[in-house]
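I have placed the structure first, in the form of structure tokens, so that the comments after it can refer back to it.
The values are calculated or read from the model by the stated rules, or taken from the named source; none is laboratory data. No experiment lies behind these values; they were computed from the predicted model shown. Glycine also receives a Cβ, built like all others from the backbone with ideal geometry; neighbour counts cover every protein chain displayed.
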Amino acid sequence: MDALDGNAIAGELFEVFGEEMTTAIGACAHCGATGMIAEQRVYLRAPGTVARCPRCSGVTMVLVSIRGGARIDLAGFKLAPPHDHGAPVDQQPAS
């Protein structure tokens, strides 16, 4: 399975956060490597979308759609301020 870069999830991230997030900086919870979301390795064929750290391959985020709402688990990626929105985020798509 071929990986894409983090720009592949720009639309989903914008849907949840309401702003461009691919340039947001964060740290991998597994190895501590820092970088932009755009630098993550993204796999679209998993059950949902999975982003992995380019350094250690640890899962940094999982994006799924549940009952029409976007769900992002950022447990493996600590966003740096001002984008440190905390734990997993739920948001209904804009109408």
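How many of the residues in the stretch 24-47 are basic (Lys, Arg) and either in contact with a Phe, Trp or Tyr (Cβ under 7 Å, 6 or more places away or on another chain) or in a loop (DSSP other than H, G, I, E, B) (or both)? Give the steps one after another, and end with the answer.
Taking the stretch 24-47 first, the residues basic (Lys, Arg) are 41, 45.
Right, trim to either in contact with a Phe, Trp or Tyr (Cβ under 7 Å, 6 or more places away or on another chain) or in a loop (DSSP other than H, G, I, E, B) (or both) and you get 45.
Matching residues across the stretch 24-47 total 1.
Using the structure shown, decide if Arg45 is touching a helix residue (DSSP H, G or I) at 6+ places or on another chain (Cβ under 9 Å) and within 15 Å of Val62 (Cβ to Cβ). Taking the combined requirement at face value, the residue does not satisfy it.
For the stretch 9-20, which positions are under 10 Å from the mean Cα position of the chain (by Cα) and either of a type in the set (Gly, Ala, Ser) or farther than 15 Å from Ala70 by Cα (or both)? Step through it out loud before you land on a result.
To start, the set of residues in the stretch 9-20 that are under 10 Å from the mean Cα position of the chain (by Cα) comprises 9-10, 12-13.
Scanning the stretch 9-20 gives a single hit, Ala10.
A single member of Val50, Val16, Val64 is in contact (Cβ under 8 Å) with a residue 12 or more places away in the chain and not in a strand (DSSP E or B), and it is Val16.
When we screen Gln92, Gln40 for residues that are among the polar types (S, T, N, Q) and modelled with pLDDT of 95 or more, the only hit is Gln40. Take the residues in the stretch 21-70 that are among the charged types (D, E, K, R) and under 12 Å from the mean Cα position of the chain (by Cα); name whichever of them is farthest from Gly6 (Cα to Cα). In this case the residue turns out to be Arg52. What do you reckon, is Ala75 among the hydrophobic types (A, V, I, L, M, F, W, C), assigned to a loop (DSSP other than H, G, I, E, B) and either at pLDDT 85 or above or in contact with a Cys (Cβ under 8 Å, 6 or more places away or on another chain) (or both)? Yes.
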